[in-house]
Amino acid sequence: MKIVLLGAPGAGKGTHAQRLKVDFQIPHISTGDIFRANIKAGTALGVKAKGYIDRGELVPDELVIDLVKDRLAQKDCEKGFILDGFPRTIHQAEAMKQFVSVDAVINFILKDEVIIKRVSGRRVCSCGETYNTALLNGATTCAKCGNELYQRADDKEETIKNRLQVYYKETSPLIEYYKNNGLLLDLDCNDRSIDEVYSDLNAMVKKL
Ligand SMILES: [Zn+2]
């Protein structure tokens with residue numbers, strides 16, 4: 001199954017994608033993760049992408065399209081994939097149509113104030129673990145490896161507000177676009193636990 005996860009940054013797409021990946025044995029393709037890996041490795045792509053990401057802006061379409069096209073052509077994507085963070089613009093969606101057709105686009109619906117609280121409280125570790133200050137009880141180090149936790153530049157409150165504005169302007173038109181294509185499935189995430197939301201999501205994907 002070929003799935004796109006659509007929704008504002010911080011709506012929980014990454015968390016749920018990790019669970020889908022395990023349950024359905026298909027790769028989770030996160031453009032954010034690919035960019036971060038490139039930035040860490042200091043590649044040309046990483047250097048280009050870093051400036052945009054740190055300002056909360058979208059990485060230019062051509063850069064992202066090439067990267068995703070290349071990734072989806074790899075063997076592990078034959079059975080399907082979970083795309084997270086792509087497409088982010090109508091232009092990217094149109095470009096994607098030329099090299100792959102997806103089975104469904106799942107639209108994560110969550111209020112802005114919940115997103116801002118959640119994202120600005122996120123802390124990460126260099127080992128890949130993610131935490132939230134609401135559950136850390138003041139701890140500043142990773143429970144798994146002991147390293148110091150930090151806040152990603154694009155998770156700062158000013159940046160997340162900017163990312164939400166960019167989302168409403170550039171990405172939310174995709175909701176209408178995929179509705180018109182008959183691919184859109186709404187996933188209501190408001191006032192529900194992660195497990196409740198995931199249970200709906202899992203059932204949705206099973207039916208595809
Ligand atoms: Zn760690």
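The values are calculated or read from the model by the stated rules, or taken from the named source; none is laboratory data. Since the structure is predicted, the reported quantities are computational estimates derived from the model, not experimental observations. Glycine also receives a Cβ, built like all others from the backbone with ideal geometry; neighbour counts cover every protein chain displayed.
List of remarks:
- Residues that are aliphatic (A, V, I, L, M), touching a helix residue (DSSP H, G or I) at 6+ places or on another chain (Cβ under 8 Å) and within 12 Å of Ile82 (Cα to Cα), drawn from the range 6-47: Leu6, Leu20, Ile26, Ile29
- Considering residues of the range 139-167 that are touching a helix residue (DSSP H, G or I) at 6+ places or on another chain (Cβ under 6 Å) and among the charged types (D, E, K, R) only, the residue surrounded by the fewest Cβ atoms within 10 Å (Cβ to Cβ): Glu157
- Residues of the range 90-143 that turn out to be charged (D, E, K, R) and within 16 Å of the ligand (Cβ to nearest atom), as a count: 3
- So Arg88, is it over 16 Å from Phe24 (Cα atoms), part of a loop (DSSP other than H, G, I, E, B) and modelled with pLDDT under 95: yes
- Near pairs, Cβ below 9 angstrom, 6+ apart or cross-chain, from the range 44-59 (of a type in the set (Asp, Glu)) to any residue that is assigned to a helix (DSSP H, G or I) and loosely packed, with under 14 Cβ neighbours inside 10 Å: Asp54/Ala153; Glu57/Gly51
- The condition (being under 14 Å from the mean Cα position of the chain (by Cα) and farther than 26 Å from Leu72 by Cα) is satisfied by just one residue among Ile82, Ile115: Ile115.
- Contact map, the range 125-136: residues that are touching a residue at least 12 places away in the same chain (Cβ under 8 Å) paired with residues that are in a loop (DSSP other than H, G, I, E, B) and among the small types (Gly, Ala, Ser), Cβ distance under 6 Å, separation 6+ or inter-chain. Pairs shown: Asn132/Gly121; Thr133/Gly121; Ala134/Gly121.
- Within the range 144-159, restricting attention to residues that are of a type in the set (A, V, I, L, M, F, W, C) and out of contact with any Phe, Trp or Tyr (no Cβ under 9 Å at 6 or more places or on another chain), the residue that is farthest from the ligand (Cβ to nearest atom) is Ala153.
- Scanning the range 158-208 for residues that are closer than 14 Å to Leu5 by Cα and of a type in the set (S, T, N, Q) yields Thr171, Ser172, Asn202.
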